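Below is one structure, written out as structure tokens, with a few remarks after it.
The values are calculated or read from the model by the stated rules, or taken from the named source; none is laboratory data. These numbers were taken from a predicted model, which means no experiment stands behind them. Here the Cβ positions follow ideal geometry from the backbone for every residue, glycine too, while neighbour counts run over all protein chains shown.
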Amino acid sequence: MKKYFLAVAGNIGSGKSSLTDLLSRHFGWTPYFESVEDNPYLSDFYADMKRWSFNLQVYFLSNRFRSHKSITEGPYSVILDRAIYEDAEIFARNLYEIGNMEERDYNNYVALYGVMTEYLRAPDLLIYLRANTDTLVRQIALRGRDFEQSITREYLEQLNRHYEAWIRRYALGPILVVESDGLDFVNTKGDFERVVRMVEDKL
């Protein structure tokens, strides 16, 4: 069997982890999830973004590089919850542009990211979950993580703009854009089957 490497990309609350879990079970792929519950910086970051932005982004970069490297070296098909590219292209870039990361820290981070990604294999398929701000706000509220309740609509809108710009210039491999507004692949079998067909067609 061919070894596949997929990554699910998307804004906070877009449903990445849920889709990663569902697709991994359907296809028998090994899932890699974003480090959230054991992240030592996340709560501090949402309380004071300017103070903790660099620390958080380096933590995410380190963890995602480790996961990405294991995926490349391992023998099994894998699906990854959030790609390493999103850290630099979306989150760190946004933090710098809105004044929550100093220029020297941002330049240092981007240089490190550039060196690390030179050694990584790109995904065979990048699945981008596109969702509007209303959908993101609703899903963030539903999952009820305390540290996420302070996230503003403006912040989510800023991230969405960066996601759209990144997807337009992404050239590392095939992309599947899933319009997830009004799509309930967690609770509606037909919606999930529709996503499965889209993934199969792309692969």
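Structure data summary
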item: Those residues of segment 182-203 which are exposed (fewer than 11 other Cβ atoms within 10 Å of the Cβ) and either in contact with a strand residue (DSSP E or B) (Cβ under 8 Å, 6 or more places away or on another chain) or closer than 23 Å to residue 2 by Cβ (or both), in sequence order; result: 197, 200, 201
item: Yes/no for residue 143 being surrounded by fewer than 14 Cβ atoms within 10 Å (Cβ to Cβ) and in contact (Cβ under 8 Å) with a residue 60 or more places away in the chain; result: yes
item: Qualifying residue in segment 161-172 (condition: more than 21 Å from residue 49 (Cβ to Cβ), assigned to a strand (DSSP E or B), among the β-branched types (Val, Ile, Thr) and touching a strand residue (DSSP E or B) at 6+ places or on another chain (Cβ under 6 Å)); result: no
item: Qualifying residue in segment 68-89 (condition: in a strand (DSSP E or B), among the polar types (S, T, N, Q) and surrounded by fewer than 17 Cβ atoms within 10 Å (Cβ to Cβ)); result: no
item: Among the candidates 153, 168, residue that is modelled with pLDDT of 95 or more and not aromatic (Phe, Trp, Tyr); result: 168
